[in-house]
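Only one structure is covered here, and it is reproduced in the block below.
Where a number appears in this text, it was derived from the coordinates with a stated rule and is not lab data. Quick caveat: nothing in here was measured; it's all calculated off a predicted structure. For neighbour counting, all protein chains shown are included, and Cβ atoms are generated from backbone atoms with ideal geometry for every residue, glycine included.
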Amino acid sequence: MPEHFFLKEIEGITGVAVSECYQCFRCTNGCPAARDMDIVPHEMIGCIISGERGRVLSSASLWACLQCAACSIRCPNGIDIARVFAALRRLSVESGMAADMDIHDFDSLMVDSIARHGRMYELGTVIRYRLSRGEYLKEYHAGIGMVRKRRIGLFPHNAADRKGIRSIIKKTVKNGR
Amino acid sequence: MITLSYYPGCSLGSSTDFYDRSLKKVLAFYGVELKELDDWSCCGALAALTVNEDLSIALSARNIALAEASGLHLVAPCSACYARTKAAALKIAEDNDTRRMVDNALSPLSCRGNIEVKNIIEVFLEYVGLERIADSVSHDLVSIRAVSYYGCLLTRIMGICPSDDIEDPTGMDTILMALGATVVPWQYKTECCGASSTITNGDVTAKLSGRLIKEAVRAGAQAIVTTCPLCQLNLDLMRYLGKDIPSVPVFFLPEIFELALFGKTSGGARHIVNTKNIEQGIAPFREA
């Protein structure tokens with residue numbers, strides 16, 4: 001892919017002027033997840049500009065990002081870097097290049113919980129996620145502590161118009177981006 | 001009497017219902033009534049946003065449509081609910097394509113994005129006011145040395161001018177001072193707690209939330225005060241997930257109001273880190 005295509009693709013999807021980056025590193029300096037990243041935020045923007053599509057979409061950094069938006073708020077050029085990372089996550093899953101599917105799978109289970117109940121069913125979602133990972137006993141002591149203090153909803157609390165909510169999810173997931 | 005529309009969100013609707021009760025009790029004391037949105041739904045938090053942006057906006061739009069019908073300003077105590085709802089309302093109001101997408105997804109409901117969304121710090125400052133807060137205090141909180149922790153989402157909403165400073169918010173600090181607590185300055189007011197990494201990668205939350213607690217202690221605090229249910233839970237869970245992390249109780253802001261007004265919290269027993277050490281030192285002011 002010629003390099004400017006990838007830049008145009010990302011700018012088109014996000015509406016963010018990625019090309020205005022002048023590599024000041026402020027995003028990386030304030031990033032709480034930078035230590036867990038193979039490509040740190042300012043480098044990620046640089047890689048988009050230089051058209052390194054495969055390297056970007058297969059990067060573990062996309063999944064280390066916490067979406068806290070410290071980078072976006074601090075960028076002197078107003079580049080919403082967290083928004084770019086969110087878009088890159090979607091692209092990396094769509095293109096089959098995602099370095100890590102844990103977060104995407106957990107997020108999908110959360111959306112599925114909304115489709116079923118209209119509201120987040122915390123315990124059900126966490127159990128489904130743990131089972132999907134074979135992590136039957138992971139952090140069980142924290143789980144027991146939470147149950148004892150009633151800090152996790154044991155039962156779903158359903159919204160009444162679940163049909164309407166399901167329809168919103170169906171329509172936007174099919175047509176949206 | 002002031003009436004506001006109220007979006008509790010999933011956390012306050014179940015696992016953090018003691019925060020919901022505390023908030024309602026305290027606001028009722030000041031004559032502010034919360035009218036819960038009829039049949040509200042989940043905003044999708046950051047999960048929906050990273051799966052599909054239209055989905056995130058449309059889920060928030062459903063609650064915005066319900067709130068618009070009430071004609072009242074909307075209160076969202078949870079930072080994720082607040083940030084997502086506020087961002088969606090702005091996008092719907094400003095962008096015709098988004099509005100068409102939303103109306104199609106919500107039909108027969110319709111949404112104009114024409115609504116004021118408030119967090120609880122804004123509600124206390126705008127609808128109660130610091131003077132009334134200070135005048136209403138009946139218990140001495142000077143023994144509570146606390147840091148205020150705003151978390152990452154509260155002031156960081158792109159495209160929106162926040163009511164507080166983005167990097168160094170002070171709204172909660174001034175409220176705590178009005179309540180008579182000893183507010184300890186620190187540098188970590190808006191640092192991230194790790195959010196939902198607690199499930200997918202617990203080490204990340206242990207590192208980030210653990211550091212927050214250590215830094216609070218280093219600053220000289222014995223308690224942390226926040227408004228976000230996920231921040232509170234992550235910090236509270238450090239007793240289990242952290243290593244060598246001191247036990248520091250993490251209060252919701254309305255719980256500090258309860259201490260100042262009534263001398264005890266109603267939901268203290270629901271905290272993972274015991275709040276008794278702090279609560280037992282609270283006594284009413286003696287009549288002069």
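Ordering A:I73, A:I152 by the number of other Cβ atoms within 10 Å of each residue's own Cβ, fewest first, gives A:I152, A:I73.
Per residue, the Cα convex hull of the protein assembly as shown amounts to 133 Å³. Maximal additional length on extending the B:S110-B:D38 stretch stands at 24.4 nm, based on 0.36 nm per residue less the C-alpha distance. The modelled label-to-label distance for the pair A:N77/B:D165, using points 7 Å beyond Cα in the direction of Cβ, is 2.8 nm. For the range B:2-118, the Kirkwood estimate of hydrodynamic radius, built from reciprocal distances between every pair of different alpha carbons, is 14.3 Å. Between A:R133 and B:S138, the C-beta separation translates, for a Förster distance of 35 Å, into a calculated FRET efficiency of about 0.10. Taking 19 Å as the straight-line reach from the Cα of B:K91, the lysines in range (excluding those fewer than 8 positions away in the same chain) are A:K171, B:K118. Here chain B has an Rg and Dmax of 18.9, 64 Å, counting Cα atoms alone.
Against chain B, whose longest principal axis is taken from its Cα atoms, helix B:253-262 shows a tilt of about 50°.
Per-residue Cβ neighbour counts within 10 Å put B:C228, A:C47, A:C27 in the sequence A:C47, A:C27, B:C228, beginning with the fewest.
Using only the Cα atoms of the range B:138-284, each taken as one equal point scatterer with no solvent, compute I(q) by the Debye sum, divide by I(0), and report log10 of the ratio at q = 0.16 Å⁻¹. Computed log10 I(q)/I(0) values: -0.82. The aspartates and glutamates whose alpha-carbon is closer than 13 Å to the alpha-carbon of A:K174, local same-chain residues fewer than 8 away aside, are B:E53, B:D54.
For the range B:184-259, the Kirkwood hydrodynamic radius comes to 12.4 Å, computed from all pairs of different C-alpha atoms.
So which cysteines in chain A don't have a second cysteine's C-beta under 4.7 Å from them? A:C21, A:C24, A:C31, A:C47, A:C65, A:C75 - these cysteines have no disulfide-compatible partner (Cβ-Cβ under 4.7 Å) in chain A.
Within the same chain, aspartates and glutamates fewer than 8 places from B:K214 are excluded, and of the rest, those with a Cα less than 14 Å from its Cα are B:E191, B:D236, B:D244. Evaluated at q = 0.08, 0.09, 0.13, 0.18 Å⁻¹, a Debye calculation over the C-alpha positions of chain A (equal weights, vacuum) places log10 I(q)/I(0) at -0.33, -0.41, -0.80, -1.15. Converting phi to 3J(HN,Hα) with the Karplus coefficients 6.51, -1.76 and 1.60 and the offset θ = phi - 60°, the range B:84-89 yields 5, 5, 5, 5, 5, 4 Hz in sequence order, with x at every glycine or proline.
Beta bridges from DSSP with both residues in the protein assembly as shown: antiparallel share about 10 percent, rounded to the nearest 5. Over the alpha-carbon set of the range A:3-94, divide Rg by the Kirkwood Rh and report the Rg/Rh ratio to two decimals. Result: Rg/Rh = 0.91. Converting phi to 3J(HN,Hα) with the Karplus coefficients 6.51, -1.76 and 1.60 and the offset θ = phi - 60°, the range B:161-175 yields 7, x, 7, 10, 5, 5, 8, 9, x, 10, x, 5, 4, 5, 5 Hz in sequence order, with x at every glycine or proline.
Applying a DSSP loop filter and a limit of 15 other Cβ atoms within 10 Å to the chymotrypsin sites (Phe, Trp or Tyr not before Pro) in the range A:92-177 leaves A:Y136. With R₀ fixed at 30 Å, the C-beta to C-beta distance from B:D203 to B:F285 puts the FRET efficiency at about 0.05. Given their separation in residues at 0.36 nm each and the Cα-Cα distance between them, A:H141 and A:N29 gain 36.8 nm when the chain is fully extended. Compared with the dominant principal axis of the Cα atoms in chain A, helix A:122-133 is inclined by about 70°. The calculated FRET efficiency for the pair A:S50 and A:E94, based on their C-beta separation and a Förster distance of 22 Å, comes to about 0.50.
Near B:T190: Cβ cut-off under 14 Å, other residues only, Lys/Arg at +1 and Asp/Glu at -1. The net charge is -3. Annotation: the range A:102-175 has a Kirkwood hydrodynamic radius of 13.4 angstrom, from the mean reciprocal C-alpha pair distance.
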